[in-house]
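What follows is calculated from the coordinates using simple rules that are stated; it is not laboratory data. Note that the structure is predicted; figures quoted are calculated from it, not measured. Neighbour counts are summed over all protein chains in view; Cβ atoms, including those assigned to glycine, are modelled from backbone coordinates with ideal geometry.
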Amino acid sequence: MTHRRDFISYAASAFAAASTQLRAAPARKNLPIGIQLYSVRGELKKDVMETVRAIGKMGYQCVEFYAPYYSWDPAMARSVRSLLNDLGMKCYSTHNSATAFEPEGLVKAIELNQILGSNTIVMAHPGKVTGGTEGWKRVAAKLNAASVILQKEGLRAGYHNHNPEFRKLDDGGVPIDIVAGETNQKVLLQLDVANCLDSGGNPVSYIQAHKGRIRSMHVKDWSPEKGKAYAVILGDGSAQWPAIFDTAESIGGVEYYLVEQEESGRPEMEAAKLSLAAYQRLHRG
């Protein structure tokens, strides 16, 4: 009888401990999942409206436009916004060149983003940066200056990393640390997971170092296998997605995710569909 009571007591304690652990691991958030339209750039070049419509039918909830959108006039932007409304989709951010962050360039970017309903104008690439640490400080200064202007318009400035930013400069500085450290907290940091991995960075450590500033993320996988690198569908690479998602949602401040597929050897729309299915599986856990 004693052994039976001990076993029941042990089982009850184990169950309680397991229940506590389950409660301590909160479910992942139901955040919007979108796509960086560079993933379907060939299709987008042929027909913007039909491509966005097809992306919406797949189940994507938002889109991020990139460089070509900047050539639109307001009428085109209104047509795209109308389509997004009809599809129940959103555009939370756009990718822009460094020149769009000059005062004269911001005028058009602000107008188009406000029409599209976007709230974040992201610097997709800083262009050629020279001068080591001082050169990257100039990139940060440009982001800070733009951020002040954008805040007055109800918009935010953001920075998207490529792979060189995680590599140490000859003078010892690390570009991504300079950009993050020299910009004010209002400048958001859009993490591109594959670009981070490609340069030897650690996405989880990066999120931990910049709590609350990782408001969006390019969900893109990467493989260390020679010849593959970015040519893997989401989930087939080396990214540790459970840890990345958990950290982004617990302390990173992420508001939405964006699938990006640079290359895969598959038709663009097929790859987009496979990536969405992979995201849904991986994020569900």
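Which one of ALA27, GLY252, ALA141 is farthest out on the positive end of the charge dipole of the chain, using unit charges on Cβ (Lys, Arg +1; Asp, Glu -1) and the Cα centre as origin?
ALA27
Taking 7 Å along the Cα-to-C-beta vector as the label spot, tell me the ASN144-GLU225 distance in nanometres, rounded to one decimal.
4.5 nm
Counting pairs of Cα atoms in the chain, how many percent are more than 30 Å apart?
Summing the P(r) tail past 30 Å for the chain gives 34 percent.
I'd like the trypsin sites (Lys or Arg not before Pro) in the stretch 109-166 restricted to DSSP loop residues with at most 16 other Cβ atoms within 10 Å, sorted by number.
Qualifying residues, ordered by number: LYS128.
What is the extension gain from GLN208 to GLN280, computed as 0.36 nm multiplied by their sequence separation minus the C-alpha to C-alpha distance, in nm to one decimal?
23.5 nm
Where nothing but the Cβ of Lys and Arg (+1) and of Asp and Glu (-1) is charged, how large is the charge dipole of the chain around its Cα centre, in debye to the nearest 20?
The dipole of the chain has a size of about 800 debye.
Round to the nearest 10 and give me the degree value, 0 to 90, for the angle of helix 48-58's Cα axis relative to the longest principal axis of the chain.
Helix 48-58 and the main axis of the chain meet at about 10 degrees.
Report, by chain and number, residues whose modeled amide H sits under 5 Å from the one on VAL174, excluding near sequence neighbours (fewer than 5 apart, same chain).
Result for VAL174 returns LEU169.
Considering the convex hull of the alpha carbon atoms of the stretch 88-214, report its projected area averaged over all viewing directions, in nm², one decimal.
Over all viewing directions, the stretch 88-214 projects a mean Cα-hull area of 7.9 nm².
For the chain, with the dipole built from +1 on Lys and Arg beta-carbon atoms and -1 on Asp and Glu ones, taken about the Cα centre, which of THR120, TYR279, LEU150 lies farthest toward the positive end?
With unit charges placed on the Cβ atoms, the residue in question is TYR279.
Run the quick spin-label model on SER71 and LEU83: label points 7 Å from Cα toward the beta carbon, then report their separation in nm to one decimal.
According to this spin-label approximation, the distance is 1.6 nm.
For the stretch 82-157 and the stretch 193-248, write down the distance between their C-alpha centroids in whole Å.
With the stretch 82-157 and the stretch 193-248 each reduced to a Cα centre, they are spaced 23 Å.
Kindly express, to the nearest 10 degrees and within the range 0 to 90, the angle between helix 103-116's C-alpha long axis and the longest C-alpha principal axis of the chain.
Long axis of 103-116 versus the principal axis of the chain: about 60 degrees.
Mean residue ellipticity at 222 nm from the helices of the chain, using -39,500 (n - 2.57) per DSSP H segment of n ≥ 4 over the full residue count, to the nearest 500 deg cm²/dmol?
Roughly -14500 deg cm²/dmol at 222 nm, from the helical runs in the chain.
Per 10 Å bin, what is the whole-percent P(r) computed from every C-alpha pair distance within the stretch 49-158?
Values per bin, smallest distances first: 14, 44, 28, 11, 2.
Which links in LYS45/LYS152; LYS45/LYS128; LYS90/LYS273 stretch past 24 Å when you go from one Cα to the other?
Going by Cα-Cα distance, LYS45/LYS152; LYS45/LYS128 fall outside the 24 Å limit.
Per-residue HN-Hα couplings for the stretch 59-70, Karplus 6.51 cos²θ - 1.76 cosθ + 1.60 at θ = phi - 60°, whole Hz, x for Gly and Pro?
Result, ordered by residue: x, 5, 9, 8, 9, 10, 7, 10, 2, x, 4, 5 Hz.
Taking every Cα atom in the stretch 161-257, find the radius of gyration and the maximum pairwise distance Dmax, and write them in Å.
According to the Cα coordinates of the stretch 161-257, Rg and Dmax are 13.2, 38 Å.
How high is the relative contact order of the stretch 32-284, in percent, with contacts defined as C-alpha pairs under 8 Å that are six or more residues apart?
Relative contact order for the stretch 32-284 comes out at 18 percent.
By a straight-distance test (C-alpha under 16 Å), which aspartates and glutamates pair with LYS29 as possible cross-link partners, with residues fewer than eight away in the same chain excluded?
ASP246, GLU249, GLU255
By what distance, in whole Å, do the Cα atoms of the stretch 225-285 stretch along each of the three principal axes, largest value first?
Principal axes ranked by extent give 35, 25, 18 Å for the Cα atoms.
Show me 208-214, 265-271 ranked by packing, highest mean number of other Cβ atoms within 10 Å first.
Top to bottom by mean Cβ count within 10 Å: 208-214, 265-271.
Along the stretch 274-285, what does the Karplus equation 6.51 cos²θ - 1.76 cosθ + 1.60 (θ = phi - 60°) give for ³J(HN,Hα), rounded to whole Hz, x for Gly and Pro?
Ordered by residue, 3J(HN,Hα) equals 5, 5, 5, 4, 5, 4, 4, 6, 5, 6, 5, x Hz.
List residues of the stretch 125-146, by number, whose backbone nitrogen lies under 12 Å from a label position 7 Å along Cα→C-beta of ASP170.
Residues 130-133 qualify, since their backbone N sits under 12 Å from the label point.
Using θ = phi - 60° and the Karplus curve 6.51 cos²θ - 1.76 cosθ + 1.60, what whole-Hz ³J(HN,Hα) does each residue of the stretch 87-100 get, with Gly and Pro shown as x?
Rounded to whole hertz, the list is 8, x, 10, 10, 10, 8, 7, 10, 9, 9, 6, 5, 5, 5.
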